[in-house]
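The values are calculated or read from the model by the stated rules, or taken from the named source; none is laboratory data. Just so you know, these numbers come straight off a predicted model, no measurement behind them. Here the Cβ positions follow ideal geometry from the backbone for every residue, glycine too, while neighbour counts run over all protein chains shown.
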Amino acid sequence: MFLSVFELFKIGIGPSSSHTMGPMVAAARFLELLAASPFRPAGLRARLHGSLAFTGVGHATDRAVILGLAGFRPDSYDAAAAAAALARAATDRRLAPPGHPPYIFDPARDLAFDYGPPLPGHANGLVLMATDAQGDVILAETYYSIGGGFVLTAAELAAAKSGQEPARPAVPFPFRSGAEMLAMARAAGRPIAAMKRANERVFRSDAEIDAGLARIWAVMSACIDRGLAASGTLPGGLGVRRRAAAIHAQLEAERGLNLVPPHSVTDWIGAYAMAVNEENAAGGQVVTAPTNGAAGVVPAVIRYWLDHVPGASPARVGDFLLAAAAIGGLVKHNASISGAECGCQAEVGSAAAMAAAGLAEVMGGSPAQVENAAEIALEHHLGMTCDPVKGLVQVPCIERNGLGAVKAVAAASLALRGDGEHLVSLDACIETMRQTGADMHEKYKETALGGLAVNVPNC
């Protein structure tokens, strides 16, 4: 089992990796399918199912599908060009993706929200269709946005579930569980980040790995900085005020004062994480870590380490990300990183586990301590629901990232105080998360039909 660090940490746009980035990627894939087909369609249609329908407007899924069918991609997204394309689609009722003829597409008619039962493969399903001049469907494909910006067709998802995924080159440390990871680390005498790097070398040179990791951190860091400088009210109608900048200003004013409480460091961590998720809620550029809804946790812990921990070195940020990705890959392979599948335990919980592992790694933790840090962080997110008010990635998501980052630091600290021996293994915790997600009622899994979403006035 190999999942690249560059598959887990993907540069994209807010507010949601599964509901915004994923549908945009699916639409781009459908355009590729059209280009390779013998058909010459006249029009396009889209139908959203399950969680994509229930929280699609709040998560900008409708905009994402339209923009994807117009030729936009998350990793090269241009906000001004996107706004112009949406305006043209609304007035012209046509889409003109590069390299394609214009297609008839009326957003009010050709983009449907299906609030019935979800499609059988996953809670986040969409069907994209091409029609002839009479409006009859001549080509259709079903896509599933399975979390973190990952997208599979119905056939690809079925193959993955049956264990028939396409073969990939062998890697030197093919661990599929925490137990295998620790056994390989003991046998090789290597840290987790070093094993992960060795696996990445099968596909990229060290220079390419380092450049890619530097790019990921540069985008994460810039996102924190933008969030700490921005004020105002977030879009969507809830009237949520940005708070990270004001908190940061207060903390800066308190520097050097004798009366600053020691626990104010948690405010720094929270401000960094909230800055990212306020940017995400505003549709800004973020990095999936492992999702957009949980994008603030990992960068907040890295910034905390760099700015507040003596001896921290920017040269080791890559090791942080590699160790975090090793844990994220285990969670995705053995459970889920999708809020629509397993609730927020799969998003912020997974992010906290990844961040705790990364911090323990760069602070000199043994592989056993790194695994312990990840387990502690994930264990204390078990059962957390995904209940976004008004379907927006704002309440409780923004604050939840701040608390997830604080938990990650606490988990790493606890693990580093021990020797790596602990009762509950990471594997047991991941399996518990999977079972809890399977038992969780659908209304608590990113549908905005339960929890805070129905108990907080949203207008």
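Evaluate the following for Glu431: is it surrounded by 20 or more Cβ atoms within 10 Å (Cβ to Cβ), charged (D, E, K, R), farther than 30 Å from Tyr115 by Cβ and touching a residue at least 60 places away in the same chain (Cβ under 8 Å)? Answer is no for this residue. When we screen Gly212, Gly125 for residues that are among the small types (Gly, Ala, Ser), closer than 26 Å to Val287 by Cβ, at pLDDT 95 or above and in contact with a Pro (Cβ under 7 Å, 6 or more places away or on another chain), the only hit is Gly125. Residues of segment 221-252 that are basic (Lys, Arg) and in contact with a strand residue (DSSP E or B) (Cβ under 7 Å, 6 or more places away or on another chain): Arg241 alone. Take Arg176 and decide whether it is surrounded by 14 or more Cβ atoms within 10 Å (Cβ to Cβ) and touching a His at 6+ places or on another chain (Cβ under 7 Å). When the stated conditions are applied, Arg176 passes them.
Could we say that Ala123 is touching a residue at least 60 places away in the same chain (Cβ under 8 Å) and under 30 Å from Lys445 (Cβ atoms) here? So Ala123 fits the description; yes.
Filtering segment 59-75 down to residues that are in contact (Cβ under 8 Å) with a residue 40 or more places away in the chain and assigned to a loop (DSSP other than H, G, I, E, B), which residue is nearest to the chain's Cα centre (by Cα)? That would be His59. For segment 191-242, what are the residues that are among the charged types (D, E, K, R) and in contact (Cβ under 8 Å) with a residue 60 or more places away in the chain? Of everything in segment 191-242, those that are among the charged types (D, E, K, R) and in contact (Cβ under 8 Å) with a residue 60 or more places away in the chain turn out to be Lys196, Arg197, Glu200, Asp210, Arg215. Within segment 238-253, restricting attention to residues that are surrounded by 13 or more Cβ atoms within 10 Å (Cβ to Cβ) and not hydrophobic (A, V, I, L, M, F, W, C), the residue that is farthest from Ala295 (Cα to Cα) is His248.
Among the helices (runs of 4 or more DSSP H) confined to segment 156-229, the ones with at least 2 residues that are under 23 Å from the mean Cα position of the chain (by Cα) and under 30 Å from Ala271 (Cβ atoms) are located at 192-200, 206-229. Among the candidates Ile337, Ile327, single out the residue that is crowded, with 24+ Cβ neighbours inside 10 Å, assigned by TED's automatic domain parsing to the domain that holds Arg226 and in a helix (DSSP H, G or I). Step by step, each of Ile337, Ile327 is checked, and only Ile327 is crowded, with 24+ Cβ neighbours inside 10 Å, assigned by TED's automatic domain parsing to the domain that holds Arg226 and in a helix (DSSP H, G or I). The lone criterion from (1) closer than 19 Å to Ser145 by Cβ; (2) at pLDDT below 95; (3) over 22 Å from the mean Cα position of the chain (by Cα) left unmet by Gly56 is number (3). In segment 124-152, which residue that is in contact with a Phe, Trp or Tyr (Cβ under 6 Å, 6 or more places away or on another chain) and of a type in the set (Val, Ile, Thr) is nearest to Ala448 (Cα to Cα)? Per the stated criteria, the residue is Val151. Which one is surrounded by the most Cβ atoms within 10 Å (Cβ to Cβ) among residues in segment 179-220 that are of a type in the set (Gly, Ala, Ser) and touching a helix residue (DSSP H, G or I) at 6+ places or on another chain (Cβ under 9 Å)? Of everything passing the filter in segment 179-220, Ala193 is surrounded by the most Cβ atoms within 10 Å (Cβ to Cβ). Does segment 278-293 contain any residue that is part of a loop (DSSP other than H, G, I, E, B), among the β-branched types (Val, Ile, Thr) and in contact with a strand residue (DSSP E or B) (Cβ under 9 Å, 6 or more places away or on another chain)? Yes, segment 278-293 contains a residue that is part of a loop (DSSP other than H, G, I, E, B), among the β-branched types (Val, Ile, Thr) and in contact with a strand residue (DSSP E or B) (Cβ under 9 Å, 6 or more places away or on another chain). Of the residues making up segment 19-47, those that are closer than 16 Å to Thr153 by Cβ, crowded, with 23+ Cβ neighbours inside 10 Å and under 20 Å from the mean Cα position of the chain (by Cα) are Gly22, Pro23, Met24, Val25, Ala26, Ala27. Among residues of segment 390-412 being buried (at least 24 other Cβ atoms within 10 Å of the Cβ) and aliphatic (A, V, I, L, M), the one that is farthest from Thr55 (Cα to Cα) is Ala412.
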